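Laboratory data are not the source of any read-out in this text; all were calculated from the coordinates shown. Because the structure is predicted, anything quoted here is derived from the model rather than measured. Counting neighbours? That spans all protein chains shown, and the Cβs are built from the backbone with ideal geometry, glycine included.
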Amino acid sequence: MCRGKCVVVFVVLTFLWTFNRADIQVSCVFMESCILPCSFPPGDEVVIHWIQMTTKDIQAHSYYHNQDQLGLQDQHFRGRTSLFQDQISRGNASLRLTGVEVQDQGRYKCYTGTITGNKELFINLNVDAPVDKVDIQQVENRITCSSEGIYPQPELTWSTSPPSNVSLENNPTVQQTEQLLYNITSSLIASVTDLVHSCTVSTRTNNRTATLFKLSKCF
């Protein structure tokens, strides 16, 4: 009987340990502020380390001896990170990141320690630069659709109203900027003049597609 109880306890503890170490998913908007959540059991002599985990660990922010310690902070994060100083004593180690860039995307480790123990949390930061504007123009019988400054890589689709059997060949050109954002362009020939042509640019985030902007024009 005792042997059976020990097995049950082991299974439950293993489940809880796995659950607590699951990555937290956070979506951040390009060039806006974002909070990476992290909490720990309050205690004395608090140590906080935020690490961006790439091919090598990058120091994003550190705190100990009751103050920020930014001497080893990576240049990429300089002037863009802060903690909630008035809440650290209550167990809040969350990191505020300003001016979010595509390069910020990735996995982060939040290490916290006190005199009673330490804890690690892992956060996956995903960056989204939504479709802000879609331009559609006609020159003679050629219709061109374009959109700029998007992340992740967008999709572009054409449609007509009313629906028709007209071929809407779609071979968009996609370019990536220095900021790692995407620009997309597509053109087609309007062979039927009494149709309304629509262009939709969408991004895929967490396996979901949303039409963020759609512009139609009659020809």
Legend entry - Pairwise label distance in nanometres, Leu180 with Ile24, each label 7 Å out on the Cα-Cβ vector: 2.2
Inset, instruction - For an R0 of 35 angstrom, estimate the FRET efficiency from the Cβ-Cβ distance between Lys109 and Asn171 and round to the nearest 0.05. - result: 0.25
Inset, instruction - Would you kindly state how much longer the chain becomes between Glu155 and Asp86 on full extension, computed as 0.36 nm times their sequence separation minus their alpha carbon distance, in nm to one decimal? - result: 20.4 nm
Inset, instruction - Provide the gained length on full extension for the span Thr54 to Gln138, in nm with one decimal, where the gain is 0.36 nm per separating residue minus the Cα-Cα distance. - result: 25.7 nm
